[in-house]
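Enquirer: Please find one structure pasted underneath; my questions will follow.
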Amino acid sequence: MRERWLPVGVLAGVLFGVNVAARFVVWLVARSNASKQTAIGLVAAGAIGVVMIGAGYLWARRVDTPRVVGELSAAILAGCVFSVIIGPFAGGSAPFKEGGTFFYSEIWHYLALAAGGAIFGVLVAMTLGHDRKSQSWKRYAEAQKARPRRVV
């Protein structure tokens, strides 16, 4: 049980850490500068996407696709909940301080970026033939070539 859910928790923690670091940098550097806040937010969003691309690729190499979907979805949801509920406190704010519309748009943007990155990573692994299904097909084809033809 631990070896299955520990990586999910670590990934959720990394996603949360990226968000907290970005909010803390905004709080330190650009409290009142909206353009700097936007730039730091875009860098953080890109970092979340890159982390999820790597996670999707590595997960697709290790486990079957249904398990990849479940585990990455759990990590994305946990990272989103922590980042949206607890993350604003790292920047000296509160979750609903900017209003409900901003809160919900932040959730949708986070989920879209993280899920898009994970999907892209899994698709890269499939395209390169590094996922488990492609590897099993490759082993099957090699085993079929190794057998001599039956003479009728």
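Enquirer: Quick one: count up the residues across the range 1-53 that are among the polar types (S, T, N, Q), surrounded by fewer than 19 Cβ atoms within 10 Å (Cβ to Cβ) and within 17 Å of the chain's Cα centre (by Cα).
Expert: Taking the range 1-53 first, the residues among the polar types (S, T, N, Q) are 19, 32-33, 35, 37-38.
Next, from what is left, pick out any that are surrounded by fewer than 19 Cβ atoms within 10 Å (Cβ to Cβ): 32-33, 35, 38.
Now narrow it down to the ones that are within 17 Å of the chain's Cα centre (by Cα): none.
Of the residues in the range 1-53, 0 are among the polar types (S, T, N, Q), surrounded by fewer than 19 Cβ atoms within 10 Å (Cβ to Cβ) and within 17 Å of the chain's Cα centre (by Cα).
Enquirer: Quick one: in the range 103-127, of everything that is surrounded by fewer than 13 Cβ atoms within 10 Å (Cβ to Cβ) and of a type in the set (F, W, Y), which residue is nearest to I48 (Cα to Cα)?
Expert: W108
Enquirer: Show the residue pairs that are 6+ apart or on different chains and have beta-carbon atoms under 7 Å apart, the first residue being within the range 78-98 and modelled with pLDDT of 85 or more, the second being among the charged types (D, E, K, R) and in a helix (DSSP H, G or I).
Expert: As it stands, the answer is V84/E106; G87/R23; P88/R23, since those pairs meet every condition given.
Enquirer: Condition (residue is over 15 Å from L15 (Cβ atoms), of a type outside the set (A, V, I, L, M), touching a helix residue (DSSP H, G or I) at 6+ places or on another chain (Cβ under 6 Å) and at pLDDT 95 or above) applied to the range 108-117: is it met by at least one residue?
Expert: Of the range 108-117, the ones over 15 Å from L15 (Cβ atoms) are 108.
Then keep just the ones that are of a type outside the set (A, V, I, L, M); that gives 108.
Then keep just the ones that are touching a helix residue (DSSP H, G or I) at 6+ places or on another chain (Cβ under 6 Å); that gives none.
So far as the range 108-117 goes, no, none of its residues is over 15 Å from L15 (Cβ atoms), of a type outside the set (A, V, I, L, M), touching a helix residue (DSSP H, G or I) at 6+ places or on another chain (Cβ under 6 Å) and at pLDDT 95 or above.
Enquirer: Starting from the range 2-13, take each residue that is closer than 14 Å to L58 by Cβ and list its partners that are surrounded by 12 or more Cβ atoms within 10 Å (Cβ to Cβ), counting only C-beta distances under 6 angstrom and pairs at least six apart or across chains.
Expert: Short answer, once both residue conditions are applied: V8/E71; V8/A74; V8/A75; L11/A55; L11/A75.
Enquirer: Among the numbered criteria (1) surrounded by fewer than 14 Cβ atoms within 10 Å (Cβ to Cβ); (2) part of a helix (DSSP H, G or I), which one does G56 miss?
Expert: With (1) surrounded by fewer than 14 Cβ atoms within 10 Å (Cβ to Cβ); (2) part of a helix (DSSP H, G or I) applied to G56, the lone miss is (1).
Enquirer: Taking the criterion of being closer than 17 Å to G13 by Cβ and open to solvent by 40 Å² or more (accessible area, probe 1.4 Å), would at least one residue in the range 90-102 satisfy it? It would help to see each step written out before you state the result.
Expert: Going residue by residue through the range 90-102, those that are closer than 17 Å to G13 by Cβ are 90.
Filter once more, keeping what is open to solvent by 40 Å² or more (accessible area, probe 1.4 Å): none.
No, the range 90-102 contains no residue that is closer than 17 Å to G13 by Cβ and open to solvent by 40 Å² or more (accessible area, probe 1.4 Å).
Enquirer: The conditions are (1) open to solvent by less than 100 Å² (accessible area, probe 1.4 Å); (2) in contact (Cβ under 8 Å) with a residue 12 or more places away in the chain; (3) part of a helix (DSSP H, G or I), and H130 fails exactly one of them. Which is it?
Expert: Among (1) open to solvent by less than 100 Å² (accessible area, probe 1.4 Å); (2) in contact (Cβ under 8 Å) with a residue 12 or more places away in the chain; (3) part of a helix (DSSP H, G or I), the lone unmet condition for H130 is (3).
The values are calculated or read from the model by the stated rules, or taken from the named source; none is laboratory data. Here the structure is a predicted model, which is why all the values come from computation and not from measurement. Note: ideal-geometry Cβ built from the backbone for every residue, glycine included; neighbour counts use all protein chains shown. Accessible surface areas use protein heavy atoms only, side chains included; no ligands, DNA or RNA. Shrake-Rupley method; radii C 1.70, N 1.55, O 1.52, S 1.80 Å.
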